[in-house]
Amino acid sequence: MLFNSFEFLVFFPLVVMAYFAMPARYRWTLLLAASYLFYAAWKVEYLALIIASTLVDFWAGRQMARRDGPSARRPFLLVSLGLNLGLLGTFKYFNFFSESFRAASAYLNEAVGLPDLFADSLVLEVLLPVGISFYTFQTLSYTIDVYRGKKEAETHLGLFALYVSFFPQLVAGPIERSTQLMPQFRAEQQGVGHGFDYARVRSGLTLMLWGFFKKLVIADRLAIYVQEVYGAPGAYEGLPVLLATYFFTIQIYCDFSGYSDIAIGAARVMGYDLMENFRRPYFSKSIGEFWRRWHISLSTWFKDYVYIPLGGNRVARWRWYVNLLIVFTVSGLWHGANWTFVLWGALHGVYLVVSLVTQPMRDGLWNGLARAWPAGSSAAAPRTAGWGLPSVRRLRDFVGIVVTFNLIAAAFIMFRSASLGDAAVMAESLLQGGGGLLVAGFGSGDFLLAVGSIVFMELVHLWERSARLEDQLARLAWPLRWAFYYVLLGGIALFGVFEAQAFIYFQF
């Protein structure tokens, strides 16, 4: 069931009304049934995978709780890891690795005469279960935390099942931690949770409305242009490829952050707090800052469960760089079973390592510029600690934002391309001259609407610098607040794309 579908517009209000009509201690049963129904709307057979992960991880947690010490708990952690990563590997990565081994074997056979051991690759004819990467990581965080002693094992199977399958964030996050979400479910089940709160409902609906605007008005319209260019590699050169690359960079943000806004808002309507997943990432002044603002629930997951266990930055400098490359490469693989995603992740790792290596040199250059600033300006503006003149600091911030955005956009060429070959063609086409702004199926009206909606979004982002959107709106007088609501509603009704395009991250 897509958020941007008629079915969800019926499903969600019915669930909310039933939720608040029920006694608090029984609401978890409604949410669990609604979550399973929400997921079964795609393919009911794949409910078995969620249920299997739920039962095994619940059992593993209970077994670990009865044992002291890592060595006694480790076998049950391995069972959890084996099942969850085994299911993920089978359904998402089996065909990818099978085909990769076949291609490598054929190359070695032709190049150096080694036997072709994988002449026929084995292919599984299965559909990728929606959201498997998200709920797998969510339930794994629980068993790892129990193993480490950071979380007590859950004793209520129903509440744990709800944690694994909670429908607002089930298929595309945010990837929640049991330490954050389980206490909220337990408080509600014990009758000490929340009742109907108008302020929370208004805040949640506002965030959902903003998410729908970003998805339907911006992301899905930009998708038309992006698909026309990236769907036919080599058909366009120069400006259209550049514009399609920038448009995709905006599209994927609006698509994914739009989903997160709807998910967080839907949970908030019912009284639950989900973690922030995006924090205006394209205002980042460095790649490191970008990953602290983009898909926060995933980046913190990799930090806690992969990067820190590898040693993080508490190792030799060369090993620190290797740790970063490993984490970002694995993160790329998490996104999809394609070498384009693997190299996209690895490229971000390279970006970060290069940024760290060149940091002293760049600091020296900017501090030198601050010292060389014309004397007339220095008298008009006081120096600030570490950065020299405020104007130099602002210039550095601006350059950092522009450079970071363009590095991110360049990497997205691989992310959006269907293959490495297509990515190479698109990169080559980007370097060619010529081309116009418009492409087939995307007229001047579409272009102006796309640019205008992006500008509107960025103005809202600037407004959000001091507080999140829903809090800013709550401070306004009601006529201004409702005027903003009507702008969003009117924009969606008049300019939204209503073909119910799936969210990009559903494929992961």
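Please treat every number below as a calculation from the coordinates, not as lab data. What you see is a predicted model; the values in this text were computed from it and never measured. Every residue, glycine among them, receives a Cβ derived from its backbone with ideal geometry; neighbour counts consider all protein chains shown.
Go through the stretch 73-89 residue by residue and turn each phi into a ³J(HN,Hα) via Karplus (6.51, -1.76, 1.60, θ = phi - 60°); whole Hz please, and just put x for glycine and proline.
My calculation for the stretch 73-89 gives 8, 4, x, 6, 5, 5, 4, 4, 4, x, 5, 5, 6, x, 5, 4, x Hz in order.
As a test of the formula, what do you get for the chain when each DSSP H run with n ≥ 4 contributes -39,500 (n - 2.57) and the sum is divided by the residue count, at 222 nm and rounded to the nearest 500 deg cm²/dmol?
The helix-only estimate for the chain comes to -22000 deg cm²/dmol at 222 nm.
Give the long-range amide H neighbours of GLY131: residues separated by 5 or more places, or on another chain, with amide H under 5 Å away, using H modelled in the peptide plane at 1.01 Å from N.
PHE508
Under 20 Å between alpha carbons, and skipping anything fewer than 8 positions from LYS150 in its own chain: which aspartates and glutamates qualify?
Once the sequence-local aspartates and glutamates are set aside, what remains near LYS150 is ASP57, ASP68, GLU176, ASP304.
Which peptide among 21-28, 472-479 comes first, and what is the full order, when sorted by highest mean count of other Cβ atoms within 10 Å?
Working: 21-28: 14.5, 472-479: 11.8.
Result, highest mean first: 21-28, 472-479.
Each residue of the stretch 322-330 in order: what ³J(HN,Hα) in whole Hz does its phi give by Karplus 6.51 cos²θ - 1.76 cosθ + 1.60, θ = phi - 60°, with x for Gly and Pro?
Computed from phi, the couplings for the stretch 322-330 are 4, 4, 4, 5, 5, 4, 6, 5, 5 Hz.
Can you quote the Å³ per residue value for the convex hull of the Cα atoms in the chain, rounded to an integer?
Dividing the Cα hull volume of the chain by its residues yields 207 Å³.
Under 12 Å Cα-Cα from LYS92, which aspartates and glutamates qualify once same-chain neighbours fewer than 8 residues away are excluded?
Qualifying aspartates and glutamates at Cα under 12 Å: GLU125.
Count charges around LEU476 for me, please; just the other residues with Cβ under 13 Å from its Cβ, Lys/Arg as +1, Asp/Glu as -1. Spell out each step's value before the answer.
Details: positive: ARG202, ARG475, ARG481; negative: GLU470, ASP471.
Spelling it out: positives minus negatives among the neighbours equals +1.
Can you tell me the relative contact order of the chain? Whole percent, Cα pairs under 8 Å, sequence separation 6 or more.
Reported as a whole number, the value is 19 percent.
Multiplying the sequence separation of ASP397 and TYR486 by 0.36 nm and subtracting their Cα-Cα distance, what value in nm do you get? The partial results should precede the final answer.
Details: separation 89, 0.36 × 89 = 32.04 nm, distance 3.47 nm.
Roughly 28.6 nm would be gained on extension.
Label points 7 Å out from Cα along the Cβ direction at LEU459 and ARG314: separation in nm?
For LEU459 paired with ARG314, the spin-label model returns 4.9 nm.
Among the GluC sites (Glu not before Pro) within the stretch 125-187, which fall in a DSSP loop and have no more than 14 other Cβ atoms within 10 Å of their own Cβ?
GLU125, GLU152
Which ³J(HN,Hα) values in Hz, rounded to whole numbers, follow from the phi angles of the stretch 40-45 under the Karplus curve 6.51 cos²θ - 1.76 cosθ + 1.60, where θ = phi - 60° and Gly and Pro get x?
Values, residue by residue: 5, 4, 7, 7, 5, 4 Hz.
Between the stretch 302-332 and the stretch 271-301, what's the alpha-carbon centroid distance in Å?
Cα centroid to Cα centroid, the span is 18 Å.
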